[in-house]
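Here's the structure we're looking at; comments come further down.
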């Protein structure tokens with residue numbers, strides 16, 4: 001279905017760069033949107049992303065670069081979104097090309113903070129894209145390991161499973177395995193919440209809690225995620241599969257996890273603002289903590305870990321005090 005599709009990738013960070021590498025294993029050509037035209041010129045000169053995953057060299061003859069989002073998406077069949085959720089709404093304010101005839105895939109793993117909507121809902125409500133033309137890419141797959149071509153697994157979710165399978169074919173390569181799902185709500189919300197949990201894991205590490213506590217934290221966390229996604233979209237799902245539990249584990253434990261790194265800095269006593277400036281990268285869980293807190297005020301799901309992270313990041317409660325209280329709610 002998509003073997004000859006025209007593809008646009010929106011975003012210039014590490015995950016966008018990794019996805020471009022994966023997609024170009026099977027696609028002849030891509031459009032690639034960068035917000036900063038200076039970075040496009042640097043990319044063309046050095047033939048790799050000047051800011052992220054510099055070890056990946058690209059055949060720039062197979063890439064059309066754009067700093068105009070409308071030129072990037074005009075005439076394409078598939079759009080892959082890899083823009084941090086905090087910037088997605090702002091970036092789309094310049095969009096005039098209609099998207100409702102395209103297959104739009106969210107690889108954001110974040111929530112739109114201005115609207116408290118996961119990306120699929122945002123695309124449907126604000127850009128009239130039918131849910132059967134919205135995909136989600138998720139799973140335990142860090143960009144840094146893609147750059148090294150280490151074996152990774154991705155899940156493509158779409159309510160139209162045939163479209164999910166066709167898009168998954170574009171991602172299949174010697175170091176990427178794929179499978180498909182129809183659970184666009186559960187996979188996206190799980191990807192959002194696991195970032196909050198990873199911040200909690202980092203805070204625990206910064207506070208010098210050990211591996212025994214981390215194991216308890218994560219085993220409680222997957223139950224917390226299950227309670228939330230079952231409330232939001234009550235279908236039969238295996239929460240132990242890689243798109244849920246696997247993604248949680250790698251984000252909570254990996255050295256490449258920016259959310260865990262952010263949490264570790266908070267646990268060690270950094271202020272939120274200083275930690276953000278020091279990282280030079282977006283920790284999606286920071287925005288997600290506030291959004292999930294506000295969504296959950298109506299749903300009233302028991303989420304002690306997410307609550308603890310929110311209290312630390314937004315209510316300025318001491319991490320040591322908050323985690324001492326949290327330990328009483330885990331088992």
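General remarks:
- Segment 294-309, residues that are without any contact (Cβ under 8 Å) to a residue 24 or more places away in the chain and buried (at least 20 other Cβ atoms within 10 Å of the Cβ): 307
- Being touching a residue at least 24 places away in the same chain (Cβ under 8 Å) and out of contact with any helix residue (DSSP H, G or I) (no Cβ under 7 Å at 6 or more places or on another chain) holds for only one residue in 168, 143, 157, 164, and it is 164.
- Qualifying residue in segment 310-317 (condition: under 17 Å from the mean Cα position of the chain (by Cα) and farther than 17 Å from residue 143 by Cβ): no
- Flag for residue 237 being in contact (Cβ under 8 Å) with a residue 24 or more places away in the chain and outside any helix (DSSP H, G or I): yes
- Per this entry, residue 69 is counted among residues that are in the same structural domain as residue 100 (by TED's automatic domain parsing), touching a helix residue (DSSP H, G or I) at 6+ places or on another chain (Cβ under 7 Å) and in contact (Cβ under 8 Å) with a residue 40 or more places away in the chain.
- Of all the listed residues (110, 11, 55), the sole one being at positive phi and in the same structural domain as residue 178 (by TED's automatic domain parsing) is 11.
- The condition of being over 22 Å from residue 290 (Cβ atoms), at pLDDT 95 or above and surrounded by fewer than 16 Cβ atoms within 10 Å (Cβ to Cβ) holds for only one of 231, 240, that being 240.
- Of the numbered criteria (1) surrounded by 15 or more Cβ atoms within 10 Å (Cβ to Cβ); (2) assigned to a helix (DSSP H, G or I), the one residue 278 fails is (1).
- Segment 24-55: number of residues that are in contact with a strand residue (DSSP E or B) (Cβ under 6 Å, 6 or more places away or on another chain) and not in a strand (DSSP E or B): 3
- Against the list (1) in a loop (DSSP other than H, G, I, E, B); (2) under 19 Å from residue 119 (Cβ atoms); (3) in contact with a helix residue (DSSP H, G or I) (Cβ under 9 Å, 6 or more places away or on another chain), the condition residue 91 fails is (1).
- Summed over segment 171-184, the residues that are in a helix (DSSP H, G or I) and out of contact with any helix residue (DSSP H, G or I) (no Cβ under 6 Å at 6 or more places or on another chain) give a count of 0.
- When residues of segment 25-44 are limited to those that are surrounded by fewer than 19 Cβ atoms within 10 Å (Cβ to Cβ) and within 22 Å of the chain's Cα centre (by Cα), the one nearest to residue 77 (Cα to Cα): 25
The values are calculated or read from the model by the stated rules, or taken from the named source; none is laboratory data. This one's a predicted model, so the numbers in the text were calculated from it and none came from an experiment. Here the Cβ is made from the backbone with ideal geometry for all residues, glycine too, and neighbour counts use every protein chain on show.
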